[in-house]
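Read the structure below first, then the notes.
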Amino acid sequence: MRAENLSVGYKTPLLSDMNLTLHKAALTCLIGINGIGKTTLLRTMAGLQRPLSGAVFVSNTDIANMPPPQLARQVSIVLTDPIADRLMTVSELVATGRMPYTGIFGRLSDGDRKIVEDAMERLNITALADRRIHHASDGQRQRALLARAVAQQTPIMILDEPTAFLDYRSRAEAMELLRDFAHADGKSVLASTHEIDIAERMADYIWTAEAGGISCR
């Protein structure tokens, strides 16, 4: 994934004229103060909102020209928004990651179910499979959302504060797991975080959101 001359925001730009490359088989951490535009950048790169100018490309295709089902097979995203249906179980939430592949009726094949089970096992939430989301802790819900992104099996994963609601040890473990997904599965993983010390230790690349743009290292 790459961004060319990208400016993001609403009526006025928060971050402008960015040329960014999200590398394959690498974990990139996005850091910066609250309100500077990190979430807006992630939403724009995931195709959830249009850029003010410039474009985002996946495999040389502007994501603005991708049909939603095609984009959903390329990019998964975990946001901090509340879960709409809190009555579904953890396994049902994770299974929604298979929606780009199951067709209009949403029926899971045996292969889909195995992918869901494997995703829950990787996030250590198998024991929570039948628990209602509204009965799960904040940390358990966050793990379920990560498992959903894993079950979606996209080459690109974008995550907004994926370590939110986790204790310090679990934050480090979650970021290490994301790094493992990138390295072992060949994924491009972009995660925003306030845990600068963890990002420094775990990330292959760091993007710092500063006034007006992004510096990369």
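The values are calculated or read from the model by the stated rules, or taken from the named source; none is laboratory data. If you're wondering where the values come from, they're calculated on a predicted model, not measured in any experiment. All Cβ positions, even for glycine, are placed from backbone atoms using ideal geometry, and neighbour counts span all protein chains on display. Side chains included, ligands, DNA and RNA excluded: accessible areas come from the protein's heavy atoms. Shrake-Rupley method; radii C 1.70, N 1.55, O 1.52, S 1.80 Å.
Couple of notes before you dig in:
- Put simply, of SER59, SER76 the only residue that is more than 19 Å from ALA209 (Cα to Cα), of a type outside the set (Val, Ile, Thr) and open to solvent by less than 20 Å² (accessible area, probe 1.4 Å) is SER76.
- The one condition in (1) touching a Lys or Arg at 6+ places or on another chain (Cβ under 7 Å); (2) open to solvent by 40 Å² or more (accessible area, probe 1.4 Å); (3) aromatic (Phe, Trp, Tyr) that TYR10 fails to fulfil: (1)
- Looking only at the stretch 89-140, and only at residues there that are among the charged types (D, E, K, R) and more than 21 Å from the chain's Cα centre (by Cα), the one that is most open to solvent (accessible area, probe 1.4 Å): ARG107
- Members of the stretch 48-70 found to be of a type in the set (Ser, Thr, Tyr) and under 14 Å from ASN5 (Cβ atoms), listed by number: SER53
- Candidates ARG98, ARG43, ARG113: the one that is over 17 Å from THR154 (Cβ atoms) and basic (Lys, Arg) is ARG113.
- So GLU195, is it surrounded by 20 or more Cβ atoms within 10 Å (Cβ to Cβ) and either charged (D, E, K, R) or in contact (Cβ under 8 Å) with a residue 40 or more places away in the chain (or both): yes
- Entirely in the stretch 14-83, the strands (runs of 3 or more DSSP E) that have 2 or more residues that are farther than 30 Å from HIS134 by Cβ and among the small types (Gly, Ala, Ser): 53-58
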